[in-house]
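Participant: Following this message is one structure expressed as C-alpha cells.
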Amino acid sequence: MNAAPPSRLRALPSVDEVLRTATGDGLVAHFGRAAATAAVRSALAAARAAVVAGEPASVAEAIAAAAHAALEAAERPSLRPVFNLTGTVLHTNLGRALIAEAAIEAAVAAMRQAVALEFDVAAGRRGERDDHLRGLVCELTGAEDATVVNNNAAAVLLVLNTLAHGREAVVSRGELIEIGGAFRMPDIMARAGARLVEVGTTNRTHLKDYAAALGPETGLLLKVHTSNYRIEGFTTAVPARELATLTRQHGVPLVDDLGSGTLIDLSRYGLAHEPTVREALAAGADVVTFSGDKLLGGPQAGFIVGRRDLVAAVNRNPMKRALRVDKLRLAALEATLRLYRDPDRLAERLPTLRHLARPAAEIAARAARLAPAVAAALGGAASVETTACRSQIGSGALPLETLDSAGLALRPAAPGGRGLAALAASLRALPVPVVGRIRDGALILDLRCLDDEAALLASLAAFAPVAAGGDDSEGDPGGEADGMA
Ligand SMILES: *Cc1c(COP(=O)(O)O)cnc(C)c1O
C-alpha cells in the first residue's frame, strides 16, 4: 500500500470542524449529536480513504453534505409508500386494501389515548375485545356471534383446531387450495391437528361422496371458496345448501372458508357476484371465515362468524389468545364496518370499493390528462402513450374477473428487455416509487388506483434514468406475487 501524502491527509478537517459548518450544525439539530458525530466520522473515514487512493482532500462542507446524505438515507422508512399502478387493486405484496379515512382516524385515536379495549364502561367492569365488533358483524351478516383474529389464515387454523383436533375434517379434492405464501389447506389441517379426509375428484365431487365420508370421527365438513382459481368444464360441486342438509343430519358443523368474504352484493358496482357472508350463512354454514383486508376493505384480520356455541368454543381455545388482534386494528375494523351501514356512500368512503368501481372512461380521461406531463418528466427516456388495459381485483377475489381500465404505456428509448427493466427500476427509484407491470414490451401504468395525480407528478419530477442492468425477465403475472415491475 502506498503511504498517503501526509500533507493532504492533514488538510482534512476534524470532526469538530465539520460539525461547526452550517450543514454540520443542521445535522446536530435534526438527527442529534450522537448520530451526527457518527455520520461525520464515517464520512471522514471515506474522505481519508479517497485521499489515500490519490484523490484531493474534501473540504468540511463536502464532508458534512456526505454525512447528511447518509443520515437521510438511513432515516427513510423501509416500509415505504408506493404508487400501486400494477392494475391489481388488492395487491398482497403492496398491502392489499387501503384503509378508509374514518378507520385511520379511529386507529390514530386508539394509539394516542387509553381506550376501553376490555372494559365495559357502562357497567364499570371487565369487558371483552370482541364486544366492539360483535354487534356490527352480526347486524351486517345475520350471524349469531362473531370473533376476530389476526388474519383469515389464523381464522381457518383456529376453527379447524377447535372443531376437528384429533378428528377428521372432510373436504372436496376440488377445494384443497393453496393461497400462496405457504398457506396450503392440507398443511394447515395437519398443523391444526385435524385428519384430512379428501372426497371426490379434482373436477367433480358429489353429495354421495361427502355422505360416504361422514362418520363418528368427523369433526367438521369444510367448504373452501376456490377464490384464486376456477375449475371449468366437466365439473360438479355440491351447493352449500345441500351440504348443510347433510351435515345437519349427521350433527356435524359445516364450515365455509369464504376467503375474500364481501359483505355486500358487488354486482351493484358492476362486478361479478361474489357470495356474501350473509348468503353463506343463510345457505346453512354453521361457521364462515373471511379476511378483513380483501374485498371488505379494512385492515388485516380474519373473521369467524356463525353459530353462538361454535364461536364460543373457538373463544375458549387457548390458541385464540395467540391469534388475537390489537386495539389499532379493532378500532379500524369497527370504523370500517360502520361505513357499511350506509351502502349508498360506501364507494365514496371505502378506497377499495372506490377503486374497483371507478369507471374506465374516468380512468381513460385521467390517462389522457397525465400523458404529456409524464412524458415531459421522463425527458425522452421513454415514449408515453395512453392505452386501454385490464385491472384485476387481486388477493384471490374473483380470479377470472378483470375490469376495463386505462393507463399509460411507457416504452424505453433503449429497446429490449434490459431497457424495460432499467425503466422500471428508474420508476422504483423515485422518492415515492412507482410500480407498474410489464406487458408486450411496455411498462404499463394502470391508473385505476391513482388518487393523487399531483403527488405522482411530484415524484416523477425526480426521475433520473437508471443504467440498464442484467435482469431481462418479465414480471410473474400469477399467484400471490401479482405481476409488478
Ligand atoms: C385469502 C384466503 C385465505 C387467507 O386469508 P388471509 O387473510 O390472507 O390470511 C384463506 N382462504 C381463502 C379461501 C382465501 O381466499
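Any read-out appearing in this document is the output of simple, stated calculations on the displayed coordinates, not a laboratory observation. Given the structure is predicted, the values throughout are model-derived calculations rather than measurements. Positions of Cβ are backbone-derived with ideal geometry, glycine not excepted, and every protein chain shown enters the neighbour counts.
Participant: Each residue of the range 345-362 in turn: what ³J(HN,Hα) in whole Hz from Karplus with 6.51, -1.76, 1.60 and θ = phi - 60°, glycine and Pro shown as x?
Facilitator: 10, 4, 5, 6, 9, 9, x, 4, 5, 4, 5, 5, 8, 4, x, 4, 5, 5
Participant: Have a look at His206, Ile188, Thr226 and report the one farthest towards the positive end of the charge dipole of the range 172-299, computed about the Cα centre with Cβ charges (Lys/Arg +1, Asp/Glu -1).
Facilitator: His206
Participant: Using only Cα atoms and rounding to the nearest 10 degrees, what angle (0 to 90) does helix 33-52 make with the longest principal axis of the chain?
Facilitator: Taking Cα atoms only, the helix is inclined about 60 degrees.
Participant: A further question on this structure: With angles folded into 0 to 90 degrees, how steeply does helix 240-250 sit against the dominant principal axis of the chain? Use alpha carbons for both and round to 10.
Facilitator: That helix lies at roughly 60 degrees to the long axis.
Participant: Taking 25 °C and 0.890 mPa s as the conditions, I'd like the Stokes-Einstein D for the range 42-156 in µm²/s, using the Kirkwood hydrodynamic radius from alpha carbon pairs.
Facilitator: 121 µm²/s
Participant: Then there is this: How high is the relative contact order of the chain? Use alpha-carbon pairs under 8 Å, at least six apart in sequence, and give a whole percent.
Facilitator: Value for the chain: 18 percent.
Participant: For a footprinting-style exposure proxy, rank Ser7, Ser14 by other Cβ within 10 Å, fewest first. Could the numbers behind the result be given before it?
Facilitator: Values: Ser7 8, Ser14 11.
Listed from fewest to most nearby Cβ atoms, that is Ser7, Ser14.
Participant: Moving on to the next point. List every residue whose amide H lies under 5 Å from the amide H of Lys223, counting only residues 5 or more places away in sequence or on a different chain, with H placed 1.01 Å from N in the peptide plane.
Facilitator: Placed amide hydrogens put Val255, Asp256, Asp257 under 5 Å from Lys223.
Participant: Still on this model: Taking the Cα centre of the range 322-450 as origin, sum charge times position over the Cβ atoms of Lys and Arg (+1) and Asp and Glu (-1), and report the length of that vector in debye to the nearest 20.
Facilitator: 320 debye
Participant: Is there a quick way to get the dipole size of the range 33-116? I mean about its Cα centre, with the Cβ of Lys and Arg at +1 and of Asp and Glu at -1; what is the value in debye to the nearest 20?
Facilitator: Dipole size: approximately 220 debye.
Participant: Compute the whole-percent fraction of alpha carbon pairs in the chain spaced more than 38 Å apart.
Facilitator: Details: 49274 of 117370 pairs.
Tail of P(r) above 38 Å: 42 percent of Cα pairs.
Participant: Identify all lysines with a Cα-Cα distance to Lys294 below 26 Å; exclude those on the same chain that are fewer than 8 residues away in sequence.
Facilitator: Within the straight-line limit of under 26 Å, Lys294 reaches these lysines: Lys223, Lys320, Lys327.
Participant: Determine the dipole magnitude for the chain: charges of +1 sit on the beta-carbon of Lys and Arg, -1 on that of Asp and Glu, nothing else is charged, the reference point is the Cα centre, and the result goes in debye to the nearest 20.
Facilitator: Magnitude of the dipole: close to 720 debye.
Participant: Now for a separate question. Along the charge dipole of the range 302-460, pointing to its positive end and built from +1/-1 on Cβ of Lys, Arg, Asp and Glu, which listed residue (Pro415, Ala454, Ala425) has its Cα farthest out?
Facilitator: Ala425
Participant: Shifting gears a bit: How high is the relative contact order of the range 80-209, given as a whole-number percent (alpha carbon pairs under 8 Å, six or more residues apart)?
Facilitator: 15 percent
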